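All remarks here apply to the structure that follows.
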Amino acid sequence: MKKFSLFMGLLFAAGFVSAAPLRVVTTTPDLADLARQVGGDKVKVDCLSRGNQDPHFVEAKPSLIIKVRDADLFVQTGLELEIGWAPVLIQASRNAKVQFGADGFLDAASYITPLDMPTAVSRSEGDVHPGGNPHYLADPHNALSVVKGLEKKMSQLDPSNAAVYAKNADGYSRRLTAKISEWESRLAPVKGVSFVSYHKNLVYFAAHFGFVKVGEIEPKPGIPPTAKHTDKLISLMKERQVPLILTMPHYDSRTPLSLAKATGAKVVVMALVPDAVPEATDYIAAIDYNVAGILNALGK
Ligand SMILES: [Zn+2]
């Protein structure tokens, strides 16, 4: 037995036998893509939600518990995005490696600066995330920070491949930085354009690219549209001459379309994460899709 393990050790050192990949589970498809970019062939990434699903509401199914049970690393968006289901899956998995606070648990939000921090007044209005708005990956600068966090965490869990993670993270960050410049220059002519979004999930996108948010179709985050709120929004959109209604595939299209009909604004269905629409094959492709959709709707 001792001889055998020495033999395996030699083969391992010589690169004939590769170690099992680090098993990574992420809550959302954007994090899954970033984890694949950093981990390359040293990781096996599984995602717990689909791109056309509302990330706030995912059913904690047994098939998802199994994925978490087998994971070495659990990555979540945090800021309560997955509060309704991620803690349930982690606890049910009984996987000590990925419990909250363990080495195999990564809250990606710890690498970004949140927007929409609630004030005492907004907190009393109910459904508000106390740590700030969780939809921060709509700003690609935040993706660069999360890539750094993933590299650090993967290197900590799998130090023998730290150089690979560093190289991958560096290469991807360069590619993403170049894309950010490209998106900024393509969107420069429409800077300052106002929009209404279905949910409060474009504040980081707007802050980065210089769009002005006028309101949301949801009267409060997670609350479906009401006739009264929609009427107010129509008046506001007419008054401010809002040309864009930005929504996502998992929201009902009726209110966006009726707002468009009443005001003349264009509806753009955005891919906030990979696989929200077929064209959004990864994180970069999703933003490409959104930039093209907005420019097209504005006739640019
Ligand atoms: Zn939200």
Looking only at the range 247-279, count how many residues are surrounded by 14 or more Cβ atoms within 10 Å (Cβ to Cβ), of a type in the set (S, T, N, Q) and closer than 19 Å to Asn290 by Cβ. 1
State whether one or more residues within the range 112-124 are at pLDDT below 95, touching a helix residue (DSSP H, G or I) at 6+ places or on another chain (Cβ under 8 Å) and farther than 23 Å from Ser173 by Cα. yes
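Given the condition in contact (Cβ under 8 Å) with a residue 24 or more places away in the chain and either closer than 21 Å to Asn52 by Cα or crowded, with 22+ Cβ neighbours inside 10 Å (or both), answer yes or no: does some residue in the range 178-193 qualify? Write out each step before concluding.
Filtering the range 178-193 for residues in contact (Cβ under 8 Å) with a residue 24 or more places away in the chain gives 179-180, 183-184, 186-187, 189-190, 193.
If we keep only those that are either closer than 21 Å to Asn52 by Cα or crowded, with 22+ Cβ neighbours inside 10 Å (or both) too, we end up with none.
No, the range 178-193 has no match at all.
Residue-wise test of (1) assigned by TED's automatic domain parsing to the domain that holds Tyr111; (2) among the small types (Gly, Ala, Ser); (3) within 29 Å of Glu218 (Cβ to Cβ).
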residue	(1), (2), (3)
Asn133	yes, no, yes
Leu137	yes, no, yes
Asn142	yes, no, yes
Leu150	yes, no, no
Lys153	yes, no, no
Leu157	yes, no, no
Ala169	yes, yes, no
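Kindly indicate whether any position in the range 71-78 is at negative phi, away from the ligand (no atom under 16 Å from the Cβ) and in a helix (DSSP H, G or I). Let's see the steps before the verdict.
Residues of the range 71-78 at negative phi: 71-77.
Now narrow it down to the ones that are away from the ligand (no atom under 16 Å from the Cβ): 71-75.
From the residues that got through so far, the ones that are in a helix (DSSP H, G or I) too are none.
Scanning the range 71-78, I find no residue that is at negative phi, away from the ligand (no atom under 16 Å from the Cβ) and in a helix (DSSP H, G or I), so the answer is no.
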Output the number of residues of the range 23-68 satisfying the condition of being within 16 Å of the ligand (Cβ to nearest atom) and either part of a helix (DSSP H, G or I) or not polar (S, T, N, Q) (or both). 9
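State whether one or more residues within the range 230-242 are assigned to a loop (DSSP other than H, G, I, E, B) and of a type in the set (Lys, Arg). Can you show your working first?
Restricting attention to the range 230-242, the residues satisfying the condition of being assigned to a loop (DSSP other than H, G, I, E, B) are 241-242.
Applying the additional criterion that residues be of a type in the set (Lys, Arg) yields none.
No, there is no match, as no residue in the range 230-242 is assigned to a loop (DSSP other than H, G, I, E, B) and of a type in the set (Lys, Arg).
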Would you check which residues across the range 256-276 are closer than 30 Å to Thr77 by Cα and touching a residue at least 40 places away in the same chain (Cβ under 8 Å) and list them? Pro256, Met270, Ala271, Leu272, Val273, Pro274, Asp275, Ala276
When you look at Asn290, is it loosely packed, with under 13 Cβ neighbours inside 10 Å, touching a strand residue (DSSP E or B) at 6+ places or on another chain (Cβ under 9 Å) and modelled with pLDDT of 95 or more, yes or no? no
Selection from the range 240-282 of residues more than 23 Å from the chain's Cα centre (by Cα) and either outside the structural domain of Gly293 (by TED's automatic domain parsing) or under 15 Å from Lys213 (Cβ atoms) (or both) yields Arg240, Gln241, Val242, Pro243, Leu259, Ala265
Among the residues of the range 208-224, what is the count of those that are within 22 Å of Ile294 (Cβ to Cβ) and surrounded by 15 or more Cβ atoms within 10 Å (Cβ to Cβ)? 9
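The values are calculated or read from the model by the stated rules, or taken from the named source; none is laboratory data. None of the values given here were measured: they were computed from a predicted structure. Don't worry about glycine lacking a Cβ; one is built from the backbone with ideal geometry, like all the others, and counts go over all protein chains shown.
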